[in-house]
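One structure is given below, encoded as structure tokens.
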Amino acid sequence: MAVPRERFRAASSPPRALVSIILPVHNAEPWLDECLKSVLQQDFEGSMELSVFNDASKDKSMAILEKWRVKLESSGILVVIGGHDSPYPRGVGYSKNQAIAQSSGTFLCFLDSDDMMMPQRVRLQHEAALQHPTSIIGCQVRRDPPNSTERYTRWVNQLSPHQLLTQVFTSHGPTVIMPTWFCSRAWFTHVGPFDEGGQGVPEDLLFFYQHLRKGGGVQRVDQSLLLYRYHPLAATHSVLEATIWSHRVSFLEERVLPGWAAFTIWNAGKQGRRLYRSLSAGARRKVAAFCDVDKNKINKGFYCYEDAQERPKPHVPILHFRAAQPPFIICVKLDLTGGAFEENLGSLQLQEGQDFLHFS
């Protein structure tokens, strides 16, 4: 449900820029020149501002920023640089919040220091944001190196508009990735700020979930507007899979399961059983069955949760998928079955978001 504009209108001094590009920086020397060049090359005709927060960089990032400040300001782009030189960085969430606080734009365009924007990015996302003032606007991306995270990149770029909201529970995280986010400052203020827990905290996922709780929408410009780099030093590698899993399960229990009297977990294997064990006791009692296509699992007849505190221990039936009843929570990795899973699911003529959700 959309929130009326007057409820989140920010009370502040007149903006100095229409769009503020929010750029947290920590030891970004290898990529920063290309990143800042892409800011300079934007074809947006409105006023722009670059707001940088340097999070205790120990390399030559500051020297690069000062060099580019001259070039950007001579082209009419206001540059604001903040930061600190403490021994340790305070994290991406803190840096983004600081960059936003020192900025002035009516709209916020998020950019990572190891990425590069296409010239039309700000213009096209600003146009979309005007049409969807309570949405996060994303875009398609091009991955560098090209063959890295192929499944993830394909997922990011090919989700349908409907799936931008139905696939928010998957292991991939937000359905529009953080380095592509664009939104109004007023909406960010209504939802935010980012969690400042530091290394290991998925600040983008937590903000995305809060955005959905507030009734926010998700939109994507279907053009590749960002070169999204993959490398070992990326901050995302500091977030443990177990942390992401815990947040996903909690959000599933909060947003979906209260509306379902019972449901089926599609996958009687490792991932399906893991989801079952991770659920609260009340949510586990709603699991009517597991379903699968594996004859060995089906012939076993049931799954016994040996570590359960309840007595007798829960025994959950394992059925063939055609004998199971929706709604389903699907714990099958998409596009790893050669199309067989998608064919089986399609044969049931179910509606995503109503009859099934992906948790893969």
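When the residues of the stretch 190-222 are filtered to those that are under 16 Å from Cys109 (Cα atoms) and open to solvent by 60 Å² or more (accessible area, probe 1.4 Å), which remaining residue is nearest to the chain's Cα centre (by Cα)?
In this case the residue turns out to be Gln219.
So is Ile22 open to solvent by less than 50 Å² (accessible area, probe 1.4 Å), touching a helix residue (DSSP H, G or I) at 6+ places or on another chain (Cβ under 6 Å), under 24 Å from Thr134 (Cβ atoms) and touching a residue at least 12 places away in the same chain (Cβ under 8 Å) or not?
yes
Just the residues that are of a type in the set (S, T, N, Q) and under 17 Å from Phe263 (Cβ atoms), please, taken from the stretch 307-326.
Residue satisfying the conditions is Gln325 alone.
Quick one: Asp307 ticks every box in (1) open to solvent by 80 Å² or more (accessible area, probe 1.4 Å); (2) touching a Gly at 6+ places or on another chain (Cβ under 9 Å); (3) of a type outside the set (Gly, Ala, Ser) bar one, so which box is it?
So Asp307 meets the others, but not (2).
Phe302 versus (1) within 23 Å of Glu342 (Cα to Cα); (2) open to solvent by 10 Å² or more (accessible area, probe 1.4 Å); (3) among the aromatic types (Phe, Trp, Tyr): which is the lone unmet condition?
Among (1) within 23 Å of Glu342 (Cα to Cα); (2) open to solvent by 10 Å² or more (accessible area, probe 1.4 Å); (3) among the aromatic types (Phe, Trp, Tyr), Phe302 violates only (1).
Residues that are within 23 Å of Arg229 (Cβ to Cβ) and touching a residue at least 40 places away in the same chain (Cβ under 8 Å): which helices (runs of 4 or more DSSP H) entirely in the stretch 81-199 hold 2 or more of them?
92-101, 121-131, 150-158
Could you please let me know if Pro327 is open to solvent by 70 Å² or more (accessible area, probe 1.4 Å), modelled with pLDDT of 95 or more, under 26 Å from Gln354 (Cα atoms) and not small (Gly, Ala, Ser)?
Here the answer is no, as Pro327 does not meet what is asked.
Tyr88 versus (1) open to solvent by less than 50 Å² (accessible area, probe 1.4 Å); (2) within 23 Å of Met62 (Cβ to Cβ): which is the lone unmet condition?
Only one criterion is unmet by Tyr88, namely (1).
Report the residue count in the stretch 43-63 for those that are open to solvent by less than 20 Å² (accessible area, probe 1.4 Å) and at negative phi.
Looking only at that region, the number is 9.
How many residues, within the stretch 228-248, are assigned to a helix (DSSP H, G or I) and surrounded by 12 or more Cβ atoms within 10 Å (Cβ to Cβ)?
Going through the stretch 228-248 one residue at a time, the tally reaches 9.
Is it the case, given these coordinates, that Trp187 is at pLDDT 95 or above, aromatic (Phe, Trp, Tyr) and more than 28 Å from Ile22 (Cα to Cα)?
Judged against the criteria, Trp187 is not a match.
What are the residues in the stretch 217-240 that are of a type outside the set (A, V, I, L, M, F, W, C) and free of Cβ contacts under 8 Å to residues at least 60 places away in the same chain, if any?
Within the stretch 217-240, Pro232, Thr236, His237, Ser238 qualify.
Looking only at the stretch 67-81, count every residue that is loosely packed, with under 15 Cβ neighbours inside 10 Å and either under 18 Å from Leu111 (Cα atoms) or β-branched (Val, Ile, Thr) (or both) and tell me the total.
Selection size over the stretch 67-81: 1.
The values are calculated or read from the model by the stated rules, or taken from the named source; none is laboratory data. From a predicted model like this one, the values you see are computed outputs, not experimental measurements. Glycine also receives a Cβ, built like all others from the backbone with ideal geometry; neighbour counts cover every protein chain displayed. Please note that ligands, DNA and RNA were not included when accessible areas were found on the heavy atoms of the full protein model with its side chains. Shrake-Rupley method; radii C 1.70, N 1.55, O 1.52, S 1.80 Å.
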